[in-house]
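One structure is given here, and the rest of the page talks about it.
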Amino acid sequence: SIISMNKILLLLFCLLPGLLLAVEPPMLVKPGEYLYANGERFFGKLTEGKKENYGTLEYPNGDRYQGSFRSDLFDGEGIIEYANGDRYEGEFQVGKKDGKGQYFSKNGGHYKGEFKNGFRHGQGEYRHPGGDIYIGIFLRGKKQSQGRYDFKNGDRYTGSVVKGKKFGKGEMNY
């Protein structure tokens, strides 16, 4: 009907300027350096307006990514240095930590292993800041399934782990 068509046209008229602003191209500061309206700064090459190949992206909050891009997303090898002092080094796919990598926390914690969709996922090793070590399976960021805890005091637990806790069958050696 004509009323429905008018509503659709009005909606498009109201939304279109916002959509156009969302894809505003970055400002070229100097060759190889681009500034985005949201405050992000990119050092590298743009291909058809998208970050491609190798580059560095600095965020207004102080986070910094250096590594490979594909179609504007982190993809391949890279390093993220977070403003809070944490750091990730490893593989990315479609903008997320995915593959093998290491995460270093400013509090002294260190994870080395597999990531999937941004989470610790798969086989990995986590060294707690206090010195305890967990080696085993991670599912969506949680210690899960079978694993081994090597405690700083020399004790060792090998067995079932659920949500990071010893659970079910296992063996504790003192």
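By accessible area, using a 1.4 Å probe on protein heavy atoms only, the chain has 57% of its surface on carbon and sulfur.
Candidate cross-link partners of Lys97 among the lysines, defined by an alpha-carbon separation under 18 Å and a same-chain spacing of 8 or more, comprise Lys51, Lys112, Lys116, Lys142, Lys143.
For the chain, the longest principal axis of the alpha carbon atoms and the long axis of helix 2-22 meet at an angle near 70°.
Dipole magnitude for the chain: computed about the Cα centre from +1 point charges on Lys and Arg Cβ and -1 point charges on Asp and Glu Cβ, it is near 800 debye. For the pair Asp155 and Arg41 in one chain, pulling the backbone fully straight at 0.36 nm per residue adds 36.2 nm over the alpha carbon distance. Dipole orientation for the chain: of the candidates Phe167, Phe115, Thr47, Phe167 has the Cα lying most toward the positive pole (charges on Cβ; Lys, Arg +1; Asp, Glu -1). Solvent-accessible surface of the range 86-169, taken per residue with a 1.4 Å probe and all protein chains present: 58 Å². Expressed as a fraction of 2.2 N^0.38 Å, the value expected for a compact globular protein of N residues, the C-alpha radius of gyration of the chain is 1.46. Straight-line cross-link reach from Lys165 at under 16 Å between alpha-carbon atoms covers these aspartates and glutamates, not counting any fewer than eight positions away in the same chain: Glu125, Asp132, Asp150, Asp155.
With the charge dipole of the chain set up from +1 on Lys and Arg Cβ and -1 on Asp and Glu Cβ about the Cα centre, the Cα lying farthest toward the positive end among the listed residues Tyr82, Gly124, Leu57 is that of Gly124.
For the peptides 35-43, 164-172, residues were scored by their other Cβ atoms within 10 Å and the scores averaged per peptide; the highest-first order is 35-43, 164-172. Normalised by 2.2 N^0.38 Å, where N counts its residues, the alpha-carbon radius of gyration of the range 122-174 equals 1.03.
The values are calculated or read from the model by the stated rules, or taken from the named source; none is laboratory data. Note that the structure is predicted; figures quoted are calculated from it, not measured. Positions of Cβ are backbone-derived with ideal geometry, glycine not excepted, and every protein chain shown enters the neighbour counts. SASA here: full protein model, heavy atoms, side chains in, ligands and nucleic acids out. Shrake-Rupley method; radii C 1.70, N 1.55, O 1.52, S 1.80 Å.
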